[in-house]
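Take a look at the structure set out below.
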Amino acid sequence: MGLNSCLGGTTMQTLRLVTIPASSSPSRFAFRHLNFLSLHNSSRRPPLTLLVRALSASAVQAASATETADGKVVKPQWKAAIDFKWIRDNKDAVAVNIKNRNSNADLELVLRLYDKLSNLQKEVEQLRGERNVVANKMKGKIEPLERQKLIDEGKNLKEGLMTLEEDLLKLTDELQQEAQSIPNMTHPDVPIGGEDCSTVRKMVGSPREFSFPVKDHVQLGKELDILDFDSAAEVSGSKFYYLKNEAVMLELGLINWTLFEVMKRGFMPLTTPEIVRSSIVEKCGFQPRGTNTQVYSIEGTDQCLIGTAEIPVGGIHMDSILTESLLPLKYVALSHCFRTEAGAAGTATRGLYRVHQFSKVEMFILCRPEESDLYHEELIQIEEDIFSALGLHYKTLDMASVDLGAPAYRKFDVEAWMPGLGRYGEISSASNCTDYQSRRLGIRYRPSEPSSSQPKKVKGNLPPTKFVHTLNATACAVPRMIVSLLENYQQEDGSVIIPEPLRPFVGGLEVIAPKSR
């Protein structure tokens, strides 16, 4: 399930929703030496000790804080490796893409800032050249009067250069902030328009026919004594819940079974930090805005709670150069997720369907650019295999352009039939983000050999680095999976059957039966 913004709170203080500024500054991150144990069916997985730390633009920026006249230290906007020349040369296509995605990005402003920056850079280089000429003249034997003239000229050049460099830094920050709101380009097969324009790729199964009145998961959960929304509302507020009795086993069973199924396909399991720096959220392409942010921020810090494990997993290899032999890197991550769900209300979001905190198993892949379409298909196939094994009726959608979100080049959603709610509900999504996130996170790889289109080698006979492509997909969003299972497997006597694949993971439990009074 996609995330559109972030969650907030305070360290040992009351959680309070605040907007993360787009200019949140990055911090230096220590080299991560990852040492994982061997896992079942993971023979293809190479060791990660070959990871090389790179000094990327964002790392340089972190060290380039400036001091204002009033003594305040201001850190520059973090820098993404955006290809501004490509944007300028393809401005018509970029403009159409912005319109198709209903984005508020200001392309004309970005292009004006880029031209202004290019001209300013030329002025700076010219002034630096003049300063060097003056410095060279002073190395020889010259008359005192001529020397003083050169000293005065050098001083003037230095002061002028300092002013221009300050303007250059401010302009660079402004350009970055504006350009980072430009969404990723869109796959040519993506339908254009809003969510209603999305097309069905696949329909699996058909709605179950019931010979008795159907209950929704809220009623089933109360009667089976496995869900408690009322107590959670008193303790935490609306859109929180307690899982009780068999529902606890069902959550743990879903997580373990899903991990087992995904690990069999060569994915490395992770648990992740659930608090990250706000700059990481931004680098993954999520841009909190105004009162509708989905992000819980921690007041007084540059940190926030994650809305999806995609964010901390994407950060593992930030500012790194990977060797090509490591790719693809496949992760399956378990985390809690926190979302404000700002603006969500009504019967369509009741119960477990839309909540502030939930457990989720997320898949994440880093791969070579030419392979990302292939791995996108692999991710959606894994999702479909999981839902088919559980006997769910679902449809897979190729989501329309407006519903993609800024990072996604293409996104497939899976919607399962939820008879108690009387509609299809999203239970999963799979997105190909191409190099949108890696350009912001600074994740590259070095090819083993140069490509035919780029035969030239660089320093040390090494081919130039390339940005990896990143993909993410939901393997199991626990609350919505519980909704689907309770409502589809309910029986006339009020019990709920546990699907066969899950039974070994819930202690052999076959049925959740009403409690005897």
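The values are calculated or read from the model by the stated rules, or taken from the named source; none is laboratory data. Keep in mind it's a predicted model, so treat the numbers as computed, not measured. Using ideal geometry, Cβ is built from the backbone for each residue, glycine included, and neighbour counts are taken over all protein chains shown. These accessible areas exclude ligands, DNA and RNA; they are computed on the full protein's heavy atoms, side chains included. Shrake-Rupley method; radii C 1.70, N 1.55, O 1.52, S 1.80 Å.
Here are a few things to note about the model shown:
- Selected residue [over 25 Å from ASP196 (Cα atoms) and open to solvent by 10 Å² or more (accessible area, probe 1.4 Å)] from LEU334, LEU397, LEU366, LEU326: LEU334
- Close pairs (8 angstrom Cβ cut-off, 6 or more residues apart or separate chains): closer than 28 Å to LYS79 by Cα and in contact (Cβ under 8 Å) with a residue 24 or more places away in the chain in segment 147-174, open to solvent by 30 Å² or more (accessible area, probe 1.4 Å) and not in a helix (DSSP H, G or I) anywhere: GLU166/THR66; LEU169/SER64; LEU169/THR66; THR172/LYS79; ASP173/SER23
- Residue in segment 459-481 that is of a type in the set (Ser, Thr, Tyr), under 25 Å from PRO499 (Cα atoms), open to solvent by less than 50 Å² (accessible area, probe 1.4 Å) and modelled with pLDDT of 95 or more present: yes
- Of all the listed residues (MET203, MET162), the sole one being open to solvent by 60 Å² or more (accessible area, probe 1.4 Å) and outside the structural domain of LEU120 (by the TED database) is MET203.
- Qualifying residue in segment 490-509 (condition: in the same structural domain as LEU374 (by the TED database), among the small types (Gly, Ala, Ser), within 27 Å of GLY307 (Cα to Cα) and touching a residue at least 40 places away in the same chain (Cβ under 8 Å)): no
- Members of segment 134-148 found to be surrounded by 13 or more Cβ atoms within 10 Å (Cβ to Cβ) and part of a helix (DSSP H, G or I), listed by number: VAL134, LYS137, ARG147
- Qualifying residue in segment 213-227 (condition: farther than 23 Å from LYS515 by Cα, surrounded by fewer than 15 Cβ atoms within 10 Å (Cβ to Cβ) and without any contact (Cβ under 8 Å) to a residue 12 or more places away in the chain): no
- Total residues in segment 253-274, condition touching a Ser or Thr at 6+ places or on another chain (Cβ under 9 Å) and not hydroxyl-bearing (Ser, Thr, Tyr): 9
- The residue that is nearest to VAL332 (Cα to Cα), among those in segment 228-250 that are in a helix (DSSP H, G or I) and open to solvent by less than 30 Å² (accessible area, probe 1.4 Å), is LEU250.
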